[in-house]
1. Return the equivalent ellipsoid semi-axes of the range 73-126 as a descending list in whole Å, where each equals the square root of 5 times an eigenvalue of the C-alpha gyration tensor.
2. Calculate one ³J(HN,Hα) per residue across the range 240-247 by plugging θ = phi - 60° into the Karplus curve 6.51 cos²θ - 1.76 cosθ + 1.60, and present them in order as whole Hz with x for glycine and proline.
3. Label point 7 Å out from K116 along Cα-to-Cβ: which residues of the range 87-109 have amide N under 17 Å?
4. Tell me which residues come under 5 Å, amide H to amide H, from A146 once H is placed; ignore anything under 5 positions away on its chain.
5. For the range 236-279 and the range 1-16, what is the separation of their C-alpha centers, rounded to whole Å?
6. Could you state the principal axis extents of the C-alpha atoms in the range 286-437, from the largest down, to the nearest angstrom?
7. Against the empirical 2.2 N^0.38 Å scaling, what ratio does the C-alpha Rg of the chain come to?
8. Show me, for the range 426-434, the HN-Hα J-couplings you get by feeding each phi into the Karplus relation (A = 6.51, B = -1.76, C = 1.60, θ = phi - 60°), rounded to Hz, glycine and proline as x.
Amino acid sequence: MLSPIAWSTPPKKYGPWESIVSLLTEGLIKRGIDVTLFATADSHTAAKLHAVCPRPYEEDKDIITKVYECLHISELFERANEFDIIHNHFDYLPLTYSALVDTPVVTTIHGISSRKILPVYKKYNNRTFYVSISDACRCNELDYIATVRHGIKIESFHFNDKPQDYLLFLSRLHKDKGTREAIEVAKKTGRKLRIAGFIADQAYFEKEVKPHIDNEQIIYEGHVDPERKKELLSNAYALLHMINYDEPFGLGVIEAMASGTPVIAMNRGSMPELISNGETGFLVNSVDEAAEAVQKVASISRKKCRENVEKRFSVDRMVDDYIKVYETILEKCKRESERPWGYYEVLLQKPGCKVKTITILPQGEISLQRHAHRNEHWYIVSGEGLVTKSGSEIRVLAGDSVDFPVNEIHRIKNIDNENLVFIEIARGDYLGEDDIERLEDKYGRVEQICI
């Protein structure tokens, strides 16, 4: 499990990605799954913790971010053969290591910060696996194995059916998160607004937020710890989530509803997937609509808010969904030395090159197939075979050789009464056994797998 190192896992205060990694890791451990967590050294987990970065770089500015990111990621990939699956929560950078290992890599895309990072995701599309955290945040240029929405530890949030009268803004203070718009809603409705979160953009804070803080109507609580956050959430009349971008998820939204607090959110990104309009909150399109929604909050059942989260956003449900993803990946990337037609042995494997000896039993044949990422050279050691190469058939004996470029359709059949043995040399940017598209197969295995 590869966690980011901006914050510890779990985070002391802010750190949504690290928070999800922690919940997932501990949930998997409870299911009896062996997990090694790669995170900062001050992280806490029941898993095996492996760390090279002593502290989060957002908390220790003496830590050179890129140096420790490189050390952190390489530490995992140098041990890749110890694991069945690598689950990457570190954004796009670890993908650049993925073709160097055989262990399947699944990446939870917590958000695409800019189209400028898409070339990396596109390069490794269909060579690795991507999970989206909402349907709304999917990029139509990428393929996904599943959508797994976040879960939270619901029992740790205090349900409150008798809130106070303040509105709450709980997020990083940044234009994207709509802090200024939340202040406008509070002023239009005459209600108190409590603001909690770390200052992600100092210039924005100084210009758009700080001038309005009077500690009477507009109050800045600072960067609060988890217990203070839960207290603010459970006592709030409503959470204002006035985002100015298409947010991929929004943990604060489901945390608020788990506390019984309705959410008033801009109708963007994943918000319609989280909020049932008129039942657990309101989806709005402007500050004026948000102000009108504040007047209707009393119509929302706080109990229904909690029940909605219990049903849809529990940690158990998230863990179940990820286990299904892991099982699907392992099935797709099954590596078996024994096959219906015979068996093989890997003689040499290095980045970009794999050498195998392949034995085809009498009357056995491999499927009619092609490879998207590698070319192959076959050298016949013993026996007699019939090779299909782009529609033509070639009889081969000991000492013969055949070459197949990327995407060329091919097959070999043993037409002798003895084993057919040949050496296969494969070269390419991905050499996993799952790089096979079967077009015909006498053993009933025609399907496209992990290309």
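1. 20, 11, 9
2. Karplus-based 3J(HN,Hα) across the range 240-247 equals 9, 10, 8, 4, 10, 8, 7, 5 Hz.
3. Within reach of a label on K116: 92-93.
4. Excluding prolines and chain starts, which carry no amide H, the hits are S132.
5. Here the answer is 22 Å between Cα centres.
6. 84, 30, 30
7. The reported ratio for this selection is 1.21.
8. Along the range 426-434, the couplings run 10, 10, x, 8, 8, 10, x, 5, 8 Hz.
Every number here is computed from the coordinates shown, using simple stated rules; none is lab data. Because the structure is predicted, anything quoted here is derived from the model rather than measured. For neighbour counting, all protein chains shown are included, and Cβ atoms are generated from backbone atoms with ideal geometry for every residue, glycine included.
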